Amino acid sequence: MSADPPFIVHRDDVEEKEGRYPPPFEAEVVGRGRDLGRAAGSQSLGAWLDRLPPGQRSSFPHAHLAEEELVYVLQGHPVLRWIPGDQPPRETQLRPGSFVAFPAGTGIAHAFTNPTSEDVLLFVVGERRGGDRVAYPESPQLEDWRLQRRPHGVWTDRLAPTGEARPPATRIETRRLVLRPWEPSDVPALCALLEDNQDHLLPWMSWAQALKSYDEQLSWVLTQRGRFDRSEDYTLGVFLPDGTPIGSTGLHSRLRPAGLEIGYWIDRDHQGQGYVTEWCAALCRVASEVLNTPLVEIHHAPGNLRSAAVPQRLGFLQEATLVARDKVIWSWTPELPSELIQAAEVRALDALGRRLL
Ligand SMILES: CC(C)(COP(=O)(O)OP(=O)(O)OC[C@H]1O[C@@H](n2cnc3c(N)ncnc32)[C@H](O)[C@@H]1OP(=O)(O)O)[C@@H](O)C(=O)NCCC(=O)NCCS
């Protein structure tokens, strides 16, 4: 029989190594692992066979911002120690066949311990992603040590993940629409759309006065895109499923940190079909469930009745009319019941296609 190809390995051929944190935290052995993934050439996923002898644990309790982890108990009766948010740690007894998933970004810190007199064997799979950050809620000294060496590797806001902590949704799908940041290749279509709608927008949007050249519009798209990627502000184009652009919107940061403001306009020929209401309902869910925003507002001029009808339809509260500033403010918080928002069909994906909502 010919030799196995390099992508097939057997655990007996992969050395078992002690797990230790770097000095000065090296005193405790944290399990013994066989790095099957690297041995077989896996790239974007790590895979380990971890053995926990009696009395050992798999790691210091930790939570990943960007990397998902999966653990399958092959043998023994480990205890899962897990720390949800700022609540006290909990312990759950596992047994052979137990399977545990830790999606990225939940902030649930975890470690496996072996309080029994038999070995525990775990099969562990974890993503390898650039830009991951890790929180160690029970090891402040390790966090401090890491903060000094690799500040971007420490997840310091595990308890209150913000837009900076969660990857933003770069694609939002509603029942009839797709929302995504404008791309350079959209510039010709966006210029044409703005030109067609200049009269329609002008009464309410003074920037529509000056139509931009392709180069000026490209520069605007790149600026918005940069702000989006830095989680500073989220401008989104609105498209039909066939790719036709019909409007523009965004979750804007003018109110931060208190909340986000939705702005919108739609092509005149696509008004009156509930599209704006549909996408605003989806944006409310993304703001609260992905970006953990406690408040969403919509502002419009007092005479803009079509604009006023959108937050009204969605169940926003009319908060104030600022006469001197010619502005009406509507607000929504996740506690405010809104059938349209709660029932909104929405899929939100990050730049790597991972489902956020
Ligand atoms: C303000 C503006 C975005 C509102 O657009 P809109 O098309 O009226 O809003 P929607 O897409 O939610 O559509 C609502 C209308 O569709 C109807 N509709 C049809 N199907 C619907 C559905 N499934 N759900 C909700 N409404 C539906 C509603 O009855 C309503 O019709 P009505 O105006 O006759 O009462 C649009 O007029 C616009 O772009 N104006 C210029 C720019 C502007 O003013 N922007 C806002 C600045 S603050």
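Laboratory data are not the source of any read-out in this text; all were calculated from the coordinates shown. All of these numbers come straight from a predicted model, not from anything done at the bench. Cβ sites come from the backbone with ideal geometry, for glycine too, and all protein chains shown count toward neighbours.
Between the DSSP loop rule and a limit of at most 16 other Cβ atoms within 10 Å, which trypsin sites (Lys or Arg not before Pro) in the stretch 217-287 are left?
Sites meeting the loop and neighbour criteria: Arg230.
Amide hydrogen proximity for Val120: with H placed 1.01 Å from N in the peptide plane, the residues at 5 or more positions away or on another chain lying under 5 Å are Leu52. Ordering Ala63, Phe102, Gln75 by the projection of their Cα atoms onto the charge dipole of the stretch 35-106, which places +1 on the Cβ of Lys and Arg and -1 on the Cβ of Asp and Glu, puts Gln75 at the extreme positive end. The 3J(HN,Hα) values that the Karplus relation (6.51, -1.76, 1.60; θ = phi - 60°) gives for the stretch 57-62 are, in residue order, 10, 7, 5, 6, x, 8 Hz. Gly and Pro appear as x.
Among 135-146, 30-41, the peptide with the highest mean count of other Cβ atoms within 10 Å heads the list, and the full ranking is 30-41, 135-146.
Highest mean first, the peptides 345-351, 43-49, 105-111, 327-333 sorted by other C-beta atoms within 10 Å per residue fall in the order 105-111, 327-333, 345-351, 43-49. Each of Pro168, Gly263, Gln198 was placed along the dipole of the stretch 139-265 (beta-carbon charges, centred on the mean Cα), and the one lying farthest toward the positive end is Pro168. In this calculation the C-beta distance from Glu195 to Glu339 is compared with R0 = 30 Å, giving a FRET efficiency of 0.20.
Taking the average, over residues, of other Cβ atoms within 10 Å as the packing measure, peptides 210-218, 177-185 rank 177-185, 210-218 from highest down.
Distance between the pseudo-spin-label points of Leu255 and Arg171 (7 Å out from Cα toward the beta carbon): 2.9 nm. For the stretch 138-151, backbone phi angles converted through the Karplus equation (6.51, -1.76, 1.60; θ = phi - 60°) give residue-by-residue couplings of 9, 10, x, 5, 5, 4, 4, 4, 5, 4, 6, 8, 9, x Hz, Gly and Pro being listed as x.
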